[in-house]
């Protein structure tokens with residue numbers, strides 16, 4: 001099995017990371033969602049119209065994640081094809097990133113948020129484009145604005161992109177980022193009492209710890225399958241059954 005293939009475990013891990021990273025999303029993007037809501041003229045803020053525009057924002061955002069995932073995975077493919085050793089490094093990096101993301105989910109390590117500074121230069125050029133799309137009056141306009149929003153500097157997104165680097169091909173990289181984006185949707189779409197209840201569940205230590213342990217177990221399983229390549233001349237029991245790579 002390819003650890004970054006389109007099978008359930010990696011996509012599920014990406015979705016869980018997006019879902020439980022929702023507390024960070026609410027803190028970072030909640031203000032943006034409010035600003036986008038107020039960018040809609042008052043005459044168009046009926047429940048149905050506003051809901052369609054908010055969904056448009058998020059579809060555009062997730063589309064940007066998927067484009068970024070495909071681009072990064074393409075780079076990873078080029079690097080991996082140049083050297084088997086480099087491909088192995090990328091596969092190990094993918095598993096290590098899963099462990100770091102799990103540590104973030106469990107609130108055991110917050111280092112992922114420190115890499116947000118990497119995208120601030122790009123965001124300075126994109127933010128004026130987003131401003132020119134306001135006020136939002138049509139769904140296509142909302143999708144375009146959401147696509148710009150998708151490039152907002154975010155440590156969670158960057159960590160997922162690092163994982164996508166070892167995705168093997170653009171389609172897999174895009175799928176991983178799409179699963180992550182879908183996981184972030186509930187936290188950004190629900191409001192009021194439901195939002196508070198969801199936030200409390202997401203932030204509950206037991207919820208985050210269980211999810212983190214599951215993701216760490218999956219990452220260690222991937223590293224186990226790579227062991228014969230990491231230490232030539234050794235053969236771990238059932239290594240091939242766990243997905244040894246060529």
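Any idea how many residues of the stretch 200-229 are crowded, with 18+ Cβ neighbours inside 10 Å, over 18 Å from the mean Cα position of the chain (by Cα) and within 18 Å of residue 110 (Cβ to Cβ)?
Adding up the residues that qualify gives 0.
Within the bounds of the stretch 206-227, is there any residue that is modelled with pLDDT under 85 and not in a helix (DSSP H, G or I)?
no
Which ranges mark the helices (runs of 4 or more DSSP H) fully within the stretch 1-109 that have 3 or more residues being crowded, with 20+ Cβ neighbours inside 10 Å and modelled with pLDDT under 75?
On the way: elements: 8-20, 22-38, 47-82, 84-105.
The helices (runs of 4 or more DSSP H) meeting that bar are 22-38.
Tell me whether the stretch 175-187 contains one or more residues that are over 28 Å from residue 87 (Cα atoms), at pLDDT below 80 and assigned to a helix (DSSP H, G or I).
yes
The values are calculated or read from the model by the stated rules, or taken from the named source; none is laboratory data. Because the structure is predicted, anything quoted here is derived from the model rather than measured. Heads up, the Cβs are rebuilt from the backbone with ideal geometry, glycines too, and the neighbour counts pull from every protein chain shown.
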